[in-house]
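Everything below concerns the one structure shown next.
The values are calculated or read from the model by the stated rules, or taken from the named source; none is laboratory data. What you are looking at is a predicted structure, and each value in this text was computed from that prediction instead of being measured. Cβ placement follows ideal geometry from the backbone for every residue including glycine, while neighbour counts extend to all protein chains displayed. Protein only, heavy atoms only, side chains kept; ligands, DNA and RNA dropped before computing areas. Shrake-Rupley method; radii C 1.70, N 1.55, O 1.52, S 1.80 Å.
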Amino acid sequence: MAQTVYDPPVSTYIPLQTITLGASASSVTFASIPQTYRDLVLVINGAMPNSGGEPYARLNSDSASNYSAVRMTGQGSNYSAAAFTSNRLGFFFTYGSELANVIVSLMDYSATDKHKTTLSRGSQAAGRGAAAWASRWANTDAVTSIAISHEGGDYPSGVTFSLYAIEA
Amino acid sequence: MQAIETVTVGSGGAASITFSSIPDTYTDLMIVVSSRSTVSGVNDALDLLPNGASGNNSLRYLRGDGSSVQSGSETTNLVSYTPGATTTSDTFGNASIYITNYTSTSSKSISTDGVGENNATSVRSAIIATLHSGTTAFTSLELSLRNGNFVEHSTATLYGILAGSDGSTTVT
């Protein structure tokens, strides 16, 4: 068996910002996002609001119905799929306060000649199960800010939000 | 994200692939696997054993095999499906395994996307949500196939992901 150890390790994701909530909060905003990269990756990890609902974002503070999505979900006992238009960029749908992680890839966020698309993977093994969402923001503006909230209320203390950039 | 280590299975295959002495300096880990099993069948289960041990896992999956869709729950170490010996020759499945907060001494949430390959119908693709309720930090990760061995040329790469420091984040 061949084994290659990278010393020093080879970078791919570039960490931009992270925050760990010291107290519950209704929203977290990554502002003034540098425009020098190709793609962004957002990782949310932690307990979710007990009342459940969508973790979601608004790009550049846009709260109009400019977001569309298709999603598939496996809850363990059943599965479902849907397509819809919304006034927010949905990532997942959580159920209960159990530990969850959401990984969102935002492609070509700095481009000004195309709508922005995301691929999201949500995992909450003791709650909603596994889901994949594909979403589109019908706007050609570069993404300069991402405000993250949850339909079910405040994110609990301890939840982490990390934003990474990827160079082409 | 930084590539830490790649393992490539050599002649004769291997029963498992292990990343040991994982540094504790990252926030999250990712494993990208390209694998094929010696099992006489279409699918083999790919398991991930944190610190070399089974157990402490509950998971829910959504999978499709070309003709049907299923969702279920298990308490196994399943992270993906790997094509077996009856699939098209030289085809390998792949999986991306994202492990959050691996140095934590509380539960960890794991997210996996996996796809088999076969120039025919009937091979599984799946997304899986796993809750590992063990309270030990992950210092080694073992990949194994439930019914076969990894064939030669199977590969697995371990990445470390380090989150950035707080900047102009606004919390309300």
Residue under evaluation A:Y13, criteria (1) open to solvent by 10 Å² or more (accessible area, probe 1.4 Å); (2) in contact with a Gly (Cβ under 9 Å, 6 or more places away or on another chain); (3) closer than 25 Å to B:M30 by Cα; (4) of a type in the set (F, W, Y), criterion not met: (2)
Criterion: over 30 Å from B:H153 (Cα atoms) and either basic (K, R) or more than 7 Å from every other protein chain (Cβ to nearest Cβ) (or both) - qualifying residue of A:P15, A:P34: A:P34
In the stretch B:67-92, residue nearest to A:V159 (Cα to Cα) [restricted to those that are free of Cβ contacts under 8 Å to residues at least 60 places away in the same chain, crowded, with 23+ Cβ neighbours inside 10 Å and touching a Gly at 6+ places or on another chain (Cβ under 6 Å)]: B:S80
Which listed residue is over 17 Å from the mean Cα position of the chain (by Cα), part of a loop (DSSP other than H, G, I, E, B) and surrounded by 21 or more Cβ atoms within 10 Å (Cβ to Cβ), from A:G22, A:G96, A:G76: A:G76
Given (1) touching a strand residue (DSSP E or B) at 6+ places or on another chain (Cβ under 8 Å); (2) farther than 24 Å from A:S120 by Cα; (3) open to solvent by less than 50 Å² (accessible area, probe 1.4 Å); (4) not in a strand (DSSP E or B), index of the condition B:E5 fails: (4)
Residues (out of contact with any strand residue (DSSP E or B) (no Cβ under 6 Å at 6 or more places or on another chain) and within 13 Å of chain B (Cβ to nearest Cβ)) located in the stretch A:128-144: A:T144
Test: residue in the stretch B:135-150 that is open to solvent by less than 20 Å² (accessible area, probe 1.4 Å), over 15 Å from the mean Cα position of the chain (by Cα) and modelled with pLDDT of 95 or more: yes
Among (1) surrounded by fewer than 19 Cβ atoms within 10 Å (Cβ to Cβ); (2) among the β-branched types (V, I, T); (3) under 29 Å from A:F161 (Cβ atoms) - the single one B:T27 does not satisfy: (1)
Residue that is farther than 14 Å from A:Y67 by Cβ and modelled with pLDDT under 95, where the choices are A:A131, A:A126, A:A142: A:A126
Checklist (1) farther than 19 Å from A:I14 by Cβ; (2) among the β-branched types (V, I, T); (3) buried (at least 17 other Cβ atoms within 10 Å of the Cβ) applied to A:T140, failing item: (3)
Residues satisfying the stated conditions in the stretch A:117-127, i.e. within 8 Å of chain B (Cβ to nearest Cβ) and not in a loop (DSSP other than H, G, I, E, B): A:R121, A:G122, A:S123, A:Q124
Flag if B:G84 is of a type in the set (G, A, S) and away from chain A (no Cβ under 12 Å): yes
Residue match in the stretch B:107-116 (condition: open to solvent by 10 Å² or more (accessible area, probe 1.4 Å) and β-branched (V, I, T)): yes
Which numbered condition B:S125 misses (of (1) facing chain A (nearest Cβ under 10 Å); (2) open to solvent by 40 Å² or more (accessible area, probe 1.4 Å); (3) not aromatic (F, W, Y)): (1)
Answer from A:S61, A:S68, A:S86 - the residue that is modelled with pLDDT of 95 or more, more than 9 Å from every other protein chain (Cβ to nearest Cβ) and on the phi > 0 side of the Ramachandran plot: A:S61
Boolean, B:L162 is of a type outside the set (G, A, S), within 10 Å of chain A (Cβ to nearest Cβ) and either in contact with a helix residue (DSSP H, G or I) (Cβ under 8 Å, 6 or more places away or on another chain) or farther than 25 Å from A:R128 by Cα (or both): yes
Residues satisfying the stated conditions in the stretch B:19-43, i.e. under 13 Å from the mean Cα position of the chain (by Cα), closer than 30 Å to A:S77 by Cβ and not hydrophobic (A, V, I, L, M, F, W, C): B:S35
Candidate set: the stretch A:99-116, residues that are open to solvent by less than 40 Å² (accessible area, probe 1.4 Å) and not in a strand (DSSP E or B); chosen: the one farthest from B:N101 (Cα to Cα): A:A111
